[in-house]
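The values are calculated or read from the model by the stated rules, or taken from the named source; none is laboratory data. Keep in mind that what you see is a predicted model, and the values were worked out from it rather than measured. Neighbour counts are summed over all protein chains in view; Cβ atoms, including those assigned to glycine, are modelled from backbone coordinates with ideal geometry. What goes into the accessible areas is simple: the full protein's heavy atoms, side chains included, and nothing from ligands, DNA or RNA. Shrake-Rupley method; radii C 1.70, N 1.55, O 1.52, S 1.80 Å.
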Amino acid sequence: MNRARLQPAFRFAPSPNGYLHLGHAYSALLNQALARRHGGRFLLRIEDIDVTRCRPEFEQAIYEDLGWLGLAWEEPVLRQSEHFARYHAVLAGWRREGAVYPCMCSRQDIAMAVARREAATGRPWPRDPDGAALYPGTCRDRPVAEGAPAALRMRADAWHGPDDLGWREHALPDFTPGAWHKAADYAWGDAVLGRKEVPTSYHLAVVLDDALQNISHVVRGQDLLAATALHRRLQQRLGLTPPLYAHHGLMRDGAGAKLAKSAGSASLRDLRRDGASREDVRRLAGIPDAW
């Protein structure tokens, strides 16, 4: 992708597994404001690969809530569930190359294997940036019956890239270049790239879709900063030009916990029901008028 010849493009990419809350409003409004500031496009993507939790009524609510906030986006909206064949093709090629391998382990299997190793060594097992135990490699060289449900994990030791692979963080609103982060400081181990129930993971799908939509500026939450090391590895292997990255702060509740659907944070629909106007939500989100 030759970014110099393309109009800047920003995106908001929610998952329809619950109702949007104020943190989502902040990210969506921020991306729209930045698109306007930089003369760019604003795109909406529905990240609905989680077939067990994503529901049509939540997707419809996304459109309603964003419309109520006054946002407008380009059509058609990309829905990840309509692109499973594209994700599958990439993983099938990597499997033929030996870059990924099938894994039959459940979360309980992994927890038990890690507990045994910690008991044997007397040392804590390494964790990824999200705090989950790194995969112990149980299935790395284990044969798997053809057709058996299996996740696909990257064989991390086979994913070699240049020593200078990484990304630069940019400061908002003008994307002033900031700190350089090395993707060599990789801490995710044999990450899952394809899940048992769907032929992708968030990490693979987001990289492929940002490239497909010619996203030039990725503005997302600070909780995804560490995952960018994995995304840069995927981009390098796919031969993709990376977007510019800026990871914004997270909106938090009175106790300091980040707003989350799983935590039952008040939704935009709750705020609207309780009498909040779109101007109130914009003020609470704190997007400067100058942007």
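Give me the one-decimal nm value for the distance between modelled label points at E118 and W291, 7 Å along each residue's Cα-to-Cβ direction.
3.9 nm
If r is the Cβ-Cβ distance from Q213 to A132 and R0 is 30 Å, what FRET efficiency results, to the nearest 0.05?
Working: r = 29 Å, r/R0 = 0.97.
That pair, Q213 with A132, gives E of 0.55.
Describe numerically, in nm with one decimal, the distance between label points set 7 Å from Cα along Cα→Cβ at R140 and at Q108.
2.6 nm
Note down the nm distance, to one decimal, between modelled labels 7 Å out along Cα→Cβ at D174 and at D223.
3.2 nm
With every protein chain in place, what's the accessible area of K261 (1.4 Å probe, Å², nearest 10)?
60 Å²
For the chain, give me the percentage of DSSP beta bridges that are antiparallel, rounded to the nearest 5 percent. Mind dumping the intermediate values first?
Values: 14 of 26 bridges.
Here the antiparallel bridges make up roughly 55 percent for the chain.
Considering only G23, G122, G40, give the residue with the highest GNM mean-square fluctuation for the chain, with springs between Cα atoms whenever their separation is below 10 Å.
Looking only at G23, G122, G40, the largest GNM fluctuation is found for G122.
Express the carbon and sulfur contribution to the solvent-accessible surface of the range 1-86 as a percent, rounded to the nearest whole number, probe 1.4 angstrom. Before the final figure, lay out each step's value.
Numbers: 1830 of 3680 Å².
The value for the range 1-86 is 50 percent carbon and sulfur by accessible area.
Looking only at the range 4-31, which residues have a backbone nitrogen under 18 Å from a spot 7 Å from the Cα of H248 in the C-beta direction?
Within reach of a label on H248, which here means backbone N under 18 Å from a point 7 Å along Cα→Cβ, the range 4-31 contributes 8-15, 20-31.
Taking the alpha-carbon centroid of each part, what is the distance from the range 230-270 to the range 1-77 in angstrom?
13 Å
For the modelled label position 7 Å from the Cα of W125 along Cα-to-Cβ, which residues of the range 135-159 have backbone nitrogen atoms closer than 15 Å?
Of the residues in the range 135-159, 135-140 have backbone N under 15 Å from the label point off W125.
Residues of the range 49-128: accessible area per residue at 1.4 Å, in Å²?
Details: 4740 Å² over 80 residues.
For the range 49-128, the solvent-accessible area averages 59 Å² per residue.
Can you give me the % of accessible surface on the range 216-265 that is carbon or sulfur? Probe 1.4 Å, all protein chains present, nothing else counted. List each step's numbers first, then the result.
Working: 1040 of 2050 Å².
Heavy-atom surface of the range 216-265 belonging to carbon and sulfur, 1.4 Å probe: 51 percent.
First measure r as the distance between the Cβ atoms of D270 and S81, then evaluate 1/(1 + (r/R0)^6) with R0 = 30 Å and state the FRET efficiency to the nearest 0.05. Walk me through the numbers on the way to the answer.
Values: r = 27 Å, r/R0 = 0.90.
Once the sixth-power term is evaluated, E becomes 0.65.
Scanning the chain for GluC sites (Glu not before Pro) in DSSP loops with at most 15 other Cβ atoms within 10 Å, what's the longest stretch left with none? Before the final figure, lay out the partial values.
Numbers: sites that count: E74, E146, E197.
Longest stretch, sites excluded: 198-291.
Mind checking which of G147, G249, G93 has the largest fluctuation in a GNM of the chain, springs on alpha carbons under 10 Å?
G147
Check the cysteines of the chain one by one and keep only those with no other cysteine Cβ under 4.7 Å from their own.
C54, C105, each lacking another Cys Cβ under 4.7 Å.
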